[in-house]
Amino acid sequence: MQLAKRNRTHENLCSSDYASLIGALNYFQDNIDRLDILQKLYQTIQKRGLTRLFKKYRFPPIFPRQIWRIKMKYATAKASPVAAPEVVLNLWAYVDEAGYILRLAGKSYVMEGDDDKKLAVLRALSRTDFLSAAWCKVPPNFEILEPNGQRITGVATASMLSDPISHSHLFSTLLQDLANSLPDQLRSHDGGYEQFRLNLPQDPLCVTTVVMEYDDGSLVPMVSGR
């Protein structure tokens, strides 16, 4: 009984009506202005129950795939594979009017191309992206000595930003947090999926921007022009 039912299914798929639908689809394949007719053809197939037969007997879903290809054929988008993705950073130091740093922030991006192009993009983004970046306190091992002899921890001075060693120590914890926050990704491999993850380079390309904190509440980024 099951075999007879399967044979009837094949006869239905090879019927003249089905063939005429395929012919109509092929005819309109290169006429994007007739996409509405293609949609009606697919609706007709749905009403006749053929899509249910496709699913039940593992036939390929011809019509949705064909319509999708027609849409893609005339789409303005084009493939743009990323050849050498690199994780780069924007870093911010919030500096008050006295020249003290109490807060830090950072954001990771993935870019490609030469360093000059990446730096230009990072500088452009540094002007606004600090507003969407989570901030953190200055590490407690940084401290300042006030004139009265009192030590205040968790504070750095803006002058430290120009020294590579002090800069590295100041942002080291934040850089580790940014590296750990890079998400796992998936890609198709051998009929399944495999995980992969981009890593933060040992000496990442970054732009450091001072954000001035004024008593009136304004935050003003000091964007480098080079």
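Coordinate-derived values only; no laboratory data. As the structure is a computational prediction, the values presented were derived from the model and not from experiment. Every residue, glycine as well, gets a Cβ built from its backbone with ideal geometry; the counts of neighbours run over all protein chains shown.
Within the stretch 107-116, the set of residues being under 19 Å from the mean Cα position of the chain (by Cα) and not in a strand (DSSP E or B) comprises E112, G113. Restricting to the stretch 145-173, name every residue that is surrounded by 14 or more Cβ atoms within 10 Å (Cβ to Cβ), among the β-branched types (V, I, T) and under 20 Å from E213 (Cβ atoms). Within the stretch 145-173, V155, T157 meet the criteria. Summed over the stretch 176-220, residues that are loosely packed, with under 10 Cβ neighbours inside 10 Å, in a strand (DSSP E or B) and of a type in the set (D, E, K, R) total 1.
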